[in-house]
Amino acid sequence: MPVTGLSFFHGLLTRIVHDGEPSLVPRAERPSSVPCPSTGRSLKVSTIDAHTQAVCPKCQQIGRGAFVSFVSDLRMAYACPKCDEVVWVAAS
């Protein structure tokens, strides 16, 4: 799995190529928080579920992106390796 070196989603993730498909994995040296897209306030990262096969809520393609959850925030973010977008979704 060669790393391409491309940092993604405020430095939380790195793009790799696995079996010819792009994928996102957590960076070893990553920030502990990211800015909220609507307010700019700092959101502390709780978990990163990466390299997981899922359907992107934006482009509707199946890929190995990453779900990121936050402490004291009911939203999650999905980072898509196919459309290079981060989609914020409300947790249910």
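The values are calculated or read from the model by the stated rules, or taken from the named source; none is laboratory data. As the structure is a prediction and not an experimental result, all values here were calculated from the model. Cβ: placed from backbone, ideal geometry, glycine included. Neighbour counts: every protein chain shown.
For the stretch 37-51, which positions are free of Cβ contacts under 8 Å to residues at least 12 places away in the same chain and either in a strand (DSSP E or B) or closer than 7 Å to Phe70 by Cα (or both)?
Ser42
Considering only residues that are among the charged types (D, E, K, R), within 14 Å of the chain's Cα centre (by Cα) and part of a loop (DSSP other than H, G, I, E, B), which ones fall in the stretch 3-36?
Passing the criteria: Arg27, Arg30.
Is it the case that some residue within the stretch 4-23 is surrounded by 12 or more Cβ atoms within 10 Å (Cβ to Cβ) and over 18 Å from Glu85 (Cα atoms)?
Yes - at least one qualifying residue is present in the stretch 4-23.
Working carefully through the options Cys59, Cys36, find the one that is modelled with pLDDT under 90 and surrounded by fewer than 18 Cβ atoms within 10 Å (Cβ to Cβ).
So the residue among Cys59, Cys36 that is modelled with pLDDT under 90 and surrounded by fewer than 18 Cβ atoms within 10 Å (Cβ to Cβ) is Cys36.
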